[in-house]
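> A single structure is presented below for examination.
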Amino acid sequence: WVGRFSSESREVFVARFKVLKALGLKPGQRVADVGAGTGLYTRLLAKAVGPAGKVYAVDISQPFLDLIAADAAAAGLANVTTVLGEDHSARLPDASVDVVFHCDTYHHFEYPRSMTRDLARALRPGGEMFVLDFERIPGISSAFILNHVRASKETVISEIEASGFELVEELDLPSLEENYLLRFRKSRSPTASSSGSD
């Protein structure tokens, strides 16, 4: 199952360098890789922000985090810190990161609004969040995606905008066909209607 998360057949693996470039990361930035899995993007993010930067690899699976820590140590990436997250929280310090990134993770959130509000809390003022996830279009998307992914892109945008973010753009990457990449900016406090439970 570890191999499945970093298989070359995964579109997000094939497009990884183009996705990384689209994030526009700068040396010294602090990034949260939420739902880091086996660490495919963690390693790339850590190299992009350099020794002066930091990457928090967040996941709810301790075995995945152990794998990431071992891989980072083997690669000499001292700027990677693993964090065991929870259903409602990434368990990051307040205003601790410049960028939040998650790859094929948002649709797994049991409590998407609570988690997104928590990520807004962890972001510094003006911080950005990038959401890379599956397109879910009835009649077009594969049966796997339709059965596996709970929400359309429009629903995802609506949930995130109600939780303290504004949509900046959808990044156009020709190498992404089954996935989309959205860029949000932390904007304000969540709306009153979104402040309750999911």
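> Can you pick out the pairs among 21/186; 18/47; 21/54; 26/153; 26/47 whose Cα atoms lie more than 19 Å from each other?
Violating the 19 Å Cα-Cα cut-off are 21/186; 26/153.
> Dimensions of segment 1-133 along principal axes (Cα, Å, largest first)?
Principal extents (Cα only, largest first): 33, 32, 26 Å.
> Name the long-range amide H neighbours of residue 168: under 5 Å, sequence gap of 5 or more, or other chain; modelled H, no Pro or chain starts.
183, 184, 185
> Ranked highest first by average number of other Cβ atoms within 10 Å, how do 60-67, 29-36, 108-115 line up?
Per-residue Cβ counts within 10 Å, averaged per peptide and sorted highest first, yield 29-36, 108-115, 60-67.
Quick note: the coordinates plus some simple rules give every number you see, no bench work behind them. For clarity, every value in this text was computed on a predicted model and none was experimentally measured. Backbone-built Cβ (ideal geometry, glycine too); neighbour counts: all protein chains shown.
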